[in-house]
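**Student:** The structure's right below; bear with me while I get my questions together.
The values are calculated or read from the model by the stated rules, or taken from the named source; none is laboratory data. A quick note: this is a predicted structure, and the numbers were derived from the prediction, not measured. Positions of Cβ are generated from backbone atoms using ideal geometry, with glycine treated the same way; all protein chains shown enter the neighbour counts. Heads up: the accessible areas ignore ligands, DNA and RNA and are worked out on the full protein's heavy atoms, side chains in. Shrake-Rupley method; radii C 1.70, N 1.55, O 1.52, S 1.80 Å.
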Amino acid sequence: GAKKNIGLPEGEKWYVSEGTRDFFKDVQAKNIGVYDAWQETYKGWSEANPELAKQLEDSVADNTMPAEEMIKEIDAMGSDAEATRVSGNKVIQEISRLVP
């Protein structure tokens with residue numbers, strides 16, 4: 001078949017050469033070192049900045065106030081006519097206050 005014609009083993013569904021495997025072992029080892037260094041940096045930063053660390057962790061985990069609660073926290077708009085871009089901007093500003 002086609003695999004045999006290009007020199008690949010016929011019995012394997014997905015063939016990955018040893019050279020490719022060796023290359024990615026080295027990449028993986030390097031990445032582990034970089035990751036561990038990042039974890040140490042992050043640990044130091046989060047200990048020095050607990051409020052910012054909580055804010056970041058909440059953002060990453062998508063821990064936000066439910067929309068229903070946000071709506072309750074935003075004051076009602078006046079009855080004066082205004083462009084929707086203006087009232088939308090006001091609401092977005094309030095949401096950004098609630099979800100930093």
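**Student:** Among the residues of the stretch 46-68, write down those that are more than 18 Å from the chain's Cα centre (by Cα) and open to solvent by 90 Å² or more (accessible area, probe 1.4 Å).
**Tutor:** 47, 51, 68, listed by residue number.
**Student:** Within the stretch 83-97, can you find the residues that are open to solvent by less than 80 Å² (accessible area, probe 1.4 Å) and either modelled with pLDDT under 85 or of a type in the set (D, E, K, R) (or both)?
**Tutor:** 94
**Student:** Okay, moving on. Within the set of pairs 6+ apart or on separate chains, which have a first residue in the stretch 42-58 that is polar (S, T, N, Q), a second that is not in a helix (DSSP H, G or I), and C-beta atoms under 7 Å apart?
**Tutor:** If the second residue must be not in a helix (DSSP H, G or I), the pairs left are 55/100.
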